[in-house]
Amino acid sequence: MTQDIFFKEDAKAKLLLGINQVADAVKSTLGAAGRNVVIQNQLGLPANTKDGVTVARAIHLKDSAMNQGAVMLKTAAEKSVEEAGDGTTQTSILVQAICNLGKEAIEKTNPITVKRGIEKAVEIACAEIANLSRPVETKDDLVSIATISANNDPYLGKIIGEAFDSVGRDGEVVYEVNPSSSNTTLEIVNGMKVNSGLYHPRLANNPAKMIYEAKDCLVFVSDFSLKSIREVEDIVNCAENYGRQMQLDKRPPIVFFATVEGDAFSMIVNNVAQGNLDACVVAPSEFGSLRKQILEDIAAYSGAHYHSEDSGDRVTRDLKRLGIVSNIRVGSKTTVITGGNGNAEAQIEKLKLQIAESENSDVESDNLKRRIARLSGKVGVIRVGGKTVTEVSERIDRVDDSIHATRAAYQEGYVAGCGTTYLFAGDQIYRQI
């Protein structure tokens, strides 16, 4: 395979062309008054969206050198999605400006000096933005932020704002398609949020959003690693038996709350890729006793047997060892479970008893309280409706952006829009550099 090689000005020009092409397509979606972009999918059908990262992901340039520039910008946008869940259009515009102005600057001075100047400017800008931010204090604040982020849709803004107001600062809001109505509705349900996400990107069944979603899901919980194919086969056979008992057309999805390694993990990934298995792996990020406590709580909520290394449990084909949840949504960093088939109330009472009867330190008491809050949490479920598939898809993109923007504002505060914050940050950069 031959490859083209570019040097100096030719290389810079190619990369910059790729960056500009993607940024020009993405930046039309900027802000509440941004325009929609129509994308042709693999089936030739149009997808109508105002989500910047969705537009960026759809662009693949024929020129390989220009495409490298496009990939650089898309990587920055993807990082924004991973860290904040929103702000991809702003990121694309900033990358475009930095690259174009940076190219002019390095023609006149040392590139390392330019790089250090950019890093210093970022430091000053971040400090100024933190200084300008205001905390979210009222429900009206939440509704206003959600409305602006949903492209000035007051109905969606009201629903999303009410959802966050109901679940609280540490609660979770998710969305799903409303299969029975064209209306968009809100329901507050009991749920559980875990600060661990996808074990591997190839397990996402929605690659565009990098999430795994499933309904009526079976749950396997273990604090020891699954390493052999036989162990995974036993769990899959349990799922098949459950499907037959419930007279289902296919095997139900399985989520492994465990570390899966070696041949066992390869088997899961390969079968998922071939469409033979609907499964996901979530390995809690905590270690030691904290990991065991989280797994114990997940097992209690879902009705699963907690396979503990301490008690010598091993994997069997006993169906009663799997839990059941109505809905599960696994993101890159968090997992939200609703409709567990277990007895969360009994686990909560057990933890309350530990607080009352034991002489725990403040740290241990706080940990027990966090576990109780996790088990007794609420989740706002927004069911997105529409008259056509295109309408639902476009509305979901706006709901997704608005949820992430509102969550970020609720947790870290918000700043004035319309580019005014950049003006204040730019003024500080000018004064200090």
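The values are calculated or read from the model by the stated rules, or taken from the named source; none is laboratory data. Given the structure is predicted, the values throughout are model-derived calculations rather than measurements. Glycine also receives a Cβ, built like all others from the backbone with ideal geometry; neighbour counts cover every protein chain displayed. With ligands, DNA and RNA removed, areas are computed over all heavy atoms of the protein, side chains included. Shrake-Rupley method; radii C 1.70, N 1.55, O 1.52, S 1.80 Å.
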Checklist entry - What number of residues within segment 240-252 are under 20 Å from Val281 (Cβ atoms) and in contact (Cβ under 8 Å) with a residue 40 or more places away in the chain? => result 1
Checklist entry - Of all residues in segment 204-240, how many are among the aliphatic types (A, V, I, L, M) and either in a helix (DSSP H, G or I) or closer than 16 Å to Met267 by Cα (or both)? => result 7
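Let's see how each residue does on (1) in contact (Cβ under 8 Å) with a residue 40 or more places away in the chain; (2) part of a helix (DSSP H, G or I); (3) out of contact with any helix residue (DSSP H, G or I) (no Cβ under 6 Å at 6 or more places or on another chain):
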site: Leu15; (1), (2), (3): yes, yes, no
site: Gln21; (1), (2), (3): yes, yes, yes
site: Val38; (1), (2), (3): no, no, yes
site: His60; (1), (2), (3): no, no, yes
site: Ala70; (1), (2), (3): yes, yes, no
site: Leu94; (1), (2), (3): no, yes, yes
site: Glu104; (1), (2), (3): no, yes, yes
Checklist entry - Which of the residues belonging to segment 242-295 are under 19 Å from Arg329 (Cα atoms) and of a type in the set (D, E, K, R)? => result Arg251, Asp278
Next on the checklist: Being surrounded by fewer than 18 Cβ atoms within 10 Å (Cβ to Cβ), out of contact with any Asp or Glu (no Cβ under 6 Å at 6 or more places or on another chain) and under 14 Å from Met192 (Cβ atoms): is that true of Glu345 here?
Outcome noted: yes
Item to check | Residue count, segment 351-381 (criterion: open to solvent by 30 Å² or more (accessible area, probe 1.4 Å), at pLDDT 80 or above and in a loop (DSSP other than H, G, I, E, B)) | outcome: 1
Next on the checklist: Just to verify a result, which residue in segment 146-158, among those that are part of a helix (DSSP H, G or I) and at pLDDT below 90, is surrounded by the most Cβ atoms within 10 Å (Cβ to Cβ)?
Outcome noted: Ser149
Next on the checklist: What's the total number of residues in segment 397-433 that are open to solvent by less than 30 Å² (accessible area, probe 1.4 Å) and outside any helix (DSSP H, G or I)?
Outcome noted: 1
Checklist entry - Mind checking which residues of segment 181-203 are at pLDDT 85 or above and part of a strand (DSSP E or B)? => result Thr185, Leu186, Glu187, Ile188, Gly191, Met192, Lys193, Val194, Leu198
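To keep it simple, each residue is scored yes or no on (1) crowded, with 18+ Cβ neighbours inside 10 Å; (2) polar (S, T, N, Q).
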{"residue": "Ile129", "(1), (2)": "no, no"}
{"residue": "Thr138", "(1), (2)": "no, yes"}
{"residue": "Ile160", "(1), (2)": "yes, no"}
{"residue": "Ser166", "(1), (2)": "no, yes"}
Checklist outcome for this item: Over segment 241-260, the set of residues out of contact with any Asp or Glu (no Cβ under 7 Å at 6 or more places or on another chain) and either charged (D, E, K, R) or not in a strand (DSSP E or B) (or both) is Asn241, Tyr242, Gly243, Arg244, Gln245, Met246, Gln247, Leu248, Asp249, Lys250, Ala258, Thr259
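For (1) open to solvent by less than 40 Å² (accessible area, probe 1.4 Å); (2) within 21 Å of Arg329 (Cβ to Cβ); (3) hydroxyl-bearing (Ser, Thr, Tyr); (4) at pLDDT 90 or above, each residue gets a yes or a no:
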{"site": "Leu218", "(1), (2), (3), (4)": "yes, yes, no, yes"}
{"site": "Lys227", "(1), (2), (3), (4)": "no, no, no, no"}
{"site": "Val236", "(1), (2), (3), (4)": "yes, no, no, no"}
{"site": "Glu240", "(1), (2), (3), (4)": "no, no, no, no"}
Checklist entry - Only one residue in Ile93, Ile98 is open to solvent by 30 Å² or more (accessible area, probe 1.4 Å), modelled with pLDDT of 85 or more and closer than 23 Å to Thr147 by Cα, so which one is that? => result Ile93
Item to check | Positions within segment 28-62 being in contact with a Ser or Thr (Cβ under 6 Å, 6 or more places away or on another chain), open to solvent by 30 Å² or more (accessible area, probe 1.4 Å) and basic (Lys, Arg), in sequence order | outcome: Arg35
Item to check | strands (runs of 3 or more DSSP E) contained in segment 265-350 and holding at least 2 residues within 25 Å of the chain's Cα centre (by Cα) and over 15 Å from Ile235 (Cα atoms) | outcome: 323-330, 335-340
